[in-house]
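Step one of this worksheet: look at the structure below.
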Amino acid sequence: MDRSVVVLLGIAIVVMFALLVAAAAGMLARLDGAGYPTAVVRAATAFAAVLTLAAVVATAMAQLV
């Protein structure tokens, strides 16, 4: 496979995982009794945290190679 295809597939997997984590965080916030705005903020925070962590790991691994 071409390198760009592998990179795009990896990005797609990370984004899908981030969406899954965000959905779980939002659902858990709602089950905890939070209102919709608070649940959306918690979901967005979880989404951003996963993407940030993935970027940090990718940067660290790129420096090792």
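Derivation of every value follows stated rules applied to the coordinates shown; laboratory data play no part. None of the values given here were measured: they were computed from a predicted structure.
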inquiry  = Taking the 0 to 90 degree range and rounding to the nearest ten, how far is the long axis of helix 36-64 tilted relative to the main principal axis of the chain, both from C-alpha atoms?
reply    = 20 degrees
query = Using helices alone, what [θ] at 222 nm do you get for the chain, with -39,500 (n - 2.57) per DSSP H run of 4 or more residues, divided over all residues and rounded to the nearest 500?
reply = -32000 deg cm²/dmol
query = What list of whole percents do you get for P(r) of the chain, with Cα-Cα distances grouped in 10 Å bins up to the one holding the largest distance?
reply = 22, 38, 24, 13, 3
inquiry  = Relative contact order for the chain: what percent, with Cα pairs under 8 Å and sequence separation of 6 or more?
reply    = 33 percent
Cα long-axis angle, helix 3-31 against the chain (0 to 90 degrees, to the nearest 10) = 10 degrees
key: Extension gain from residue 41 to residue 55, taking 0.36 nm per residue of separation minus the Cα-Cα distance   = 2.9 nm
